[in-house]
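No value in this document is a laboratory result; all are computed from the given coordinates. All figures in this text were calculated on a predicted structure; none of them were measured in a lab. We place every Cβ from the backbone using ideal geometry, glycine too, and count neighbours over all the protein chains shown.
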Amino acid sequence: MESFKRLPAHIGIIPDGNRRWAVKNGLQKKDGYEHGIQPGFELYEMMLEYGIQEATFYGFTKDNNKRKKSQRDAFTQSCVDAVQLLSGKDANLLVIGNTESPAFPPELKKYANKRVHFGHGLININFLVNYDWEWDLNNLIENKTLKSADIPRVDLIIRWGGRRRLSGFLPAQSVYADFYIIDDYWPDFNKSHFLDALMWYQNCDVTLGG
């Protein structure tokens, strides 16, 4: 096990590249999502091993609903499957997303916008499902609080798939996050991705503007 002098308390995970991975492997685009579930649990185990306190996974966004129905159905089902598997682990789950939209999976409403404790609750896991950054920030204007107010500031964001953009991921909490990009697609996750990100983080200058 690697030893690190400093660790991010809260890590954001953008698991991109599922569709491109599927095409590369001769599958339909929709088939990539189901192959992204197991990597999430491999990463979960690594975060437990290294004592990470909190992680936020990007499930799907409001804008993702512009995709073909077969793809929408696939990524929605993968989110449901991932949460159901997580319910058998040791985690404190918070699902954040617009539950009033028909795109929000009804199976996850019992976990939505409140912290639900599983097992020994060794790590806080936040899952953005049908998340919309405008919906989140507009609530700040209207009700003086974010919809995602229970999610703290993010220290490190790791994005798979090579894209170098935030894609609406928790804009308020990400204001001072360091951003690490992995060119490999999410379903090709391996342990070195996470370890390399933590190693890179060792030399980040965390001043928060000071």
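Descriptive notes on the structure:
- Dividing the radius of gyration of the alpha carbons in region 129-203 by their Kirkwood radius gives 1.04 for Rg/Rh.
- Where a label projected 7 Å from the Cα of residue 5 along Cα→Cβ would reach, residues of region 176-202 with amide N under 18 Å: 196-202
- Within a Gaussian network of the chain (alpha carbon springs, distance under 10 Å), most fluctuating of 50, 185, 131: 50
- Beta bridges from DSSP with both residues in region 70-168: antiparallel share about 40 percent, rounded to the nearest 5.
- The order of the peptides 90-100, 35-45 by mean Cβ neighbours within 10 Å, most packed first, is 90-100, 35-45.
- Dividing the mean sequence gap of close Cα pairs (under 8 Å, 6+ apart) by how many residues region 101-210 holds gives a relative contact order of 20 percent.
- With only the Cα atoms considered, the chain has a convex hull volume of 122 Å³ per residue.
- Too-long pairs where the Cα-Cα distance tops 19 Å, listed order kept, from 110/144; 62/147; 89/110; 30/191: 110/144; 30/191
- Restricting attention to the chain, close to 15% of DSSP beta bridges with both partner residues there are antiparallel.
- Relative contact order %, the chain, counting alpha carbon pairs below 8 Å whose residues are six or more apart: 27 percent
- Extension gain, residue 72 back to residue 109 (0.36 nm per residue minus Cα-Cα distance, nm): 11.6 nm
- Considering helices alone, the calculated mean residue ellipticity of the chain at 222 nm is -9000 deg cm²/dmol, with DSSP H runs of length four and up weighted by -39500 (n - 2.57) and normalised per residue.
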